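Values quoted throughout were computed directly from the atomic coordinates according to the rules given, and no laboratory measurement underlies them. From a predicted model like this one, the values you see are computed outputs, not experimental measurements. Neighbour counts run over all protein chains shown; Cβ positions are idealised from the backbone, glycine included.
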Amino acid sequence: MTTATLLPTQPADIRRIIRAGEYAGVTAGLANGHVQANLAVLPRELAFDFLLFCQRNPRPCPLLEVIEAGAVEPAFTAPGADIRTDVPAYRIYERGELAGEVQSVADLWRDDLVSFLLGCSFSFEAAMSDAGIPLRHQEAGSNVPMYITNIATQPAGIFSGPMVVSMRPIPQEQIVRSVQVTSRFPDTHGAPIHIGNPDAIGIRDIDAPEFGDAVEIRPGETPVFWACGVTPQAVALNCKPPLMITHAPGKMFITDRRDADYAVI
């Protein structure tokens, strides 16, 4: 089983396939209606600083769950899951360098590691689709494009750095609707942070994202940018913590929680 189209629709079933090493792809469009999450794992001595960083930067880093040191079960968002094995791919950052990408971090696990699950914009894409708003990366079967911007995050302890954004091309007549739809999901990044000119937020080449895949922007469409949970990876590159384990961009942890659980009216 290698393609998203062949995967089951329930989060626990998808996680079992991921845990078995049978799927390592992008999770956009999987388990529609369920919340997906970014992952950041840090040594306990850095956990408070990172928690404070998330609290000061709720748009790119909306906290869904904190798993205490050494524990591997996200008991609130996905009881029975294993945070070491149930993400399609993990990235290992050591002192600001990407040291590797792996399908499991079970062999690297330590009793002092604290895990943070952060909201992901994939979670509001089902609502966008239901509203008739096109999602180019899903149409293309690719990853959403993500860019490092010139928007500074609010520092906390050792953590500081630029915000990362994801981009979706939106037909001009549907921009207002896309803002309305996504603003109902503040715990999964909420409304866009920028609409239009990429250069205004420091993006020099819209066809060269730092993470994910470039997508076509067609005539009559405008690039719309949302805060992105890959921001901790840009922060890791900037601040060089001794160790940070994250998800690979676009390859998220799929929770049992429903999108509706986090929607506001």
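Using 0.36 nm times the number of residues separating Q154 and V66, minus their current alpha carbon distance, what extension gain do you get?
So the chain would gain 29.7 nm between Q154 and V66.
Counting only trypsin sites (Lys or Arg not before Pro) that are in a DSSP loop and have at most 14 other C-beta atoms within 10 Å, tell me the longest site-free stretch of the chain. Excluding the exposed sites themselves, the longest stretch runs over 1-94. Dimensions of the range 143-265 from C-alpha coordinates, computed as largest minus smallest value along each principal axis and given longest first, are 46, 37, 25 Å.
Just to verify a number: FRET efficiency for E210 and A140, C-beta to C-beta distance, R0 = 30 Å, to 0.05? Plugging the Cβ-Cβ distance into 1/(1 + (r/R0)^6) gives 0.95. Taken as Cα centroids, the range 168-189 and the range 31-95 sit 25 Å apart, rounded to the nearest whole angstrom. When the chymotrypsin sites (Phe, Trp or Tyr not before Pro) in the range 84-185 are filtered for DSSP coil states and for at most 12 other beta-carbon atoms within 10 Å of their beta-carbon, no site remains. Once the convex hull of all Cα atoms in the chain is built, its volume per residue stands at 113 Å³. Taking Cβ separations below 4.7 Å as the criterion for a possible disulfide partner, the isolated cysteines in the chain are C120, C228, C239.
With contacts taken as Cα pairs under 8 Å and at least 6 residues apart, the chain reaches a relative contact order of 30 percent. Inter-part distance, the range 142-167 to the range 202-265, computed on C-alpha centroids, equals 8 Å.
Quick check: residue separation of V176 and F76 times 0.36 nm, minus the Cα distance between them. What number comes out in nm?
Details: separation 100, 0.36 × 100 = 36.00 nm, distance 3.36 nm.
Gain in length upon complete extension: 32.6 nm.
Dipole of the chain, Cα-centred, from +1 at each Lys and Arg C-beta and -1 at each Asp and Glu C-beta, to the nearest 20 debye?
Numbers: 20 positive and 30 negative charges, 57 e Å.
Computed about the Cα centre, the dipole is about 280 debye.
In percent, rounded to a whole number, the relative contact order of the range 124-227 is 36, using alpha-carbon pairs under 8 Å and six or more apart.
List the longest stretch of the chain that has no exposed loop site; here a site is one of the GluC sites (Glu not before Pro) assigned by DSSP to anything other than H, G, I, E or B, with at most 15 other Cβ within 10 Å. Write down the numbers at each step before the final one.
Working: sites that count: E22, E68, E216.
The longest uninterrupted stretch comes out as 69-215.
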